[in-house]
1. Could you please find all residues in segment 205-255 being under 17 Å from the mean Cα position of the chain (by Cα) and not in a helix (DSSP H, G or I)?
2. Taking into account only those residues within segment 98-124 that are assigned to a helix (DSSP H, G or I) and of a type in the set (Ser, Thr, Tyr), which is least open to solvent (accessible area, probe 1.4 Å)?
3. Might you let me know whether segment 86-97 holds any residue that is in a loop (DSSP other than H, G, I, E, B) and open to solvent by 10 Å² or more (accessible area, probe 1.4 Å)?
4. May I ask you to list pairs of residues, at least six apart or on different chains, whose Cβ atoms are under 9 Å apart, with the first in segment 149-160 being more than 17 Å from Gly180 (Cβ to Cβ) and touching a residue at least 24 places away in the same chain (Cβ under 8 Å) and the second being surrounded by 12 or more Cβ atoms within 10 Å (Cβ to Cβ) and hydroxyl-bearing (Ser, Thr, Tyr)?
5. Which one of these does His204 not meet: (1) without any contact (Cβ under 8 Å) to a residue 60 or more places away in the chain; (2) under 30 Å from Leu156 (Cα atoms); (3) out of contact with any Asp or Glu (no Cβ under 7 Å at 6 or more places or on another chain)?
6. Considering each of Ser74, Ser107, Ser85, Ser30 in turn, give the residue that is more than 25 Å from Ala234 (Cα to Cα) and among the hydroxyl-bearing types (Ser, Thr, Tyr).
7. When residues of segment 186-204 are filtered for being more than 21 Å from Arg149 (Cα to Cα) and in a helix (DSSP H, G or I), how many remain?
8. Glu293 versus (1) under 18 Å from Leu114 (Cα atoms); (2) in a helix (DSSP H, G or I): which is the lone unmet condition?
Amino acid sequence: MTRETAAPPAVTPRPGAGQSADGTRLGWWSVGSGPGLLVVHGAMQAGLSQLDLARELAGTRTVHLLDRRGRGRSGPWPDGGFDPSTEVADVVAVARATGSTDVLGVSSGAILALRAARADPGIERVVAFEPPIAVAGSIRMDQIERFGREYAEGRLVEAMVTAMRAAQMGPAFLRWVPRGLLCAVTARMLRRDDATTPAPGVPHLRELARALPADLRIVADNAERAGDFAGLRARTALLAGSATRPYLRTAVHAVAAVIPGARSVVLPGTDHAATQNRNQYGRPERVAPALAEFFGA
């Protein structure tokens with residue numbers, strides 16, 4: 001499960017596109033050949049954030065990297081706002097369009113993947129990597145409410161810092177850094193990124209930040225609802241890193257406990273960034289063997 005594999009040669013992602021149930025354009029990138037595997041990314045990510053992982057699996061799977069709406073090649077949300085049920089329908093639509101009966105969801109995308117599998121029996125197997133589902137108050141909902149206020153007031157930098165602290169992301173020492181300093185560093189990062197030309201298919205940091213309300217809404221709507229997945233019929237595995245935040249491991253075990261036959265796997269030496277590209281602190285070579293074992297069964 002944890003052996004490291006040699007990185008395969010670079011595989012060029014192929015663009016694909018379809019439509020959601022409400023007519024919104026949904027774009028994705030495809031890598032490799034073989035049965036379809038749809039990957040649903042998390043917050044502050046786009047489809048190509050998992051490109052290195054897709055390349056690890058490209059010898060046996062066609063991996064489809066969805067750009068969730070509001071990011072990359074996909075269209076925006078409806079005027080009504082950020083509704084998680086809309087994104088669940090998006091996952092179902094792309095799974096059908098790509099012929100993918102297997103789905104991997106990452107973080108908030110893991111919640112979408114689980115709900116899509118619950119809604120569509122065509123999804124036969126699902127892996128959820130660290131879904132941020134609150135269990136017994138494990139996520140501070142007051143911080144999510146604060147994020148909503150800051151974002152609505154146009155205070156994007158402050159909202160980003162609040163989201164980071166709510167999710168307990170980054171090194172532990174950041175939780176002791178004064179907010180003012182974190183805001184100054186975040187603002188500088190945004191300005192520096194705005195001045196660059198990103199690689200094709202890679203959104204600017206500001207674009208990803210403007211999509212954060214969708215992810216925080218997913219977390220809020222699914223708080224204390226691990227039991228919702230008790231009736232899930234798809235074969236399911238829950239993955240967590242051994243070095244990730246405790247609330248995420250708690251969520252993994254709680255969801256796995258209610259799904260009949262679900263696996264719960266801890267990946268040694270990895271954290272919440274594990275599925276991401278190597279230049280984003282990911283360890284895809286440690287995640288890929290667990291996925292190959294589960295989806296290859």
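1. Within segment 205-255, Ala211, Asn222, Ala223, Thr236, Ala237, Leu238, Leu239, Ala240, Gly241, Thr244, Arg245 meet the criteria.
2. Looking at residues that are assigned to a helix (DSSP H, G or I) and of a type in the set (Ser, Thr, Tyr), I get Ser108.
3. No; the residues of segment 86-97 include none that is in a loop (DSSP other than H, G, I, E, B) and open to solvent by 10 Å² or more (accessible area, probe 1.4 Å).
4. What qualifies is Tyr151/Thr162.
5. With respect to (1) without any contact (Cβ under 8 Å) to a residue 60 or more places away in the chain; (2) under 30 Å from Leu156 (Cα atoms); (3) out of contact with any Asp or Glu (no Cβ under 7 Å at 6 or more places or on another chain), His204 is out only on (3).
6. Only one candidate qualifies: Ser74.
7. Looking only at that region, the number is 6.
8. (1)
The values are calculated or read from the model by the stated rules, or taken from the named source; none is laboratory data. Predicted model, so just to flag it, every value in this text is computed and none were measured. Neighbour counts are summed over all protein chains in view; Cβ atoms, including those assigned to glycine, are modelled from backbone coordinates with ideal geometry. Accessible surface areas use protein heavy atoms only, side chains included; no ligands, DNA or RNA. Shrake-Rupley method; radii C 1.70, N 1.55, O 1.52, S 1.80 Å.
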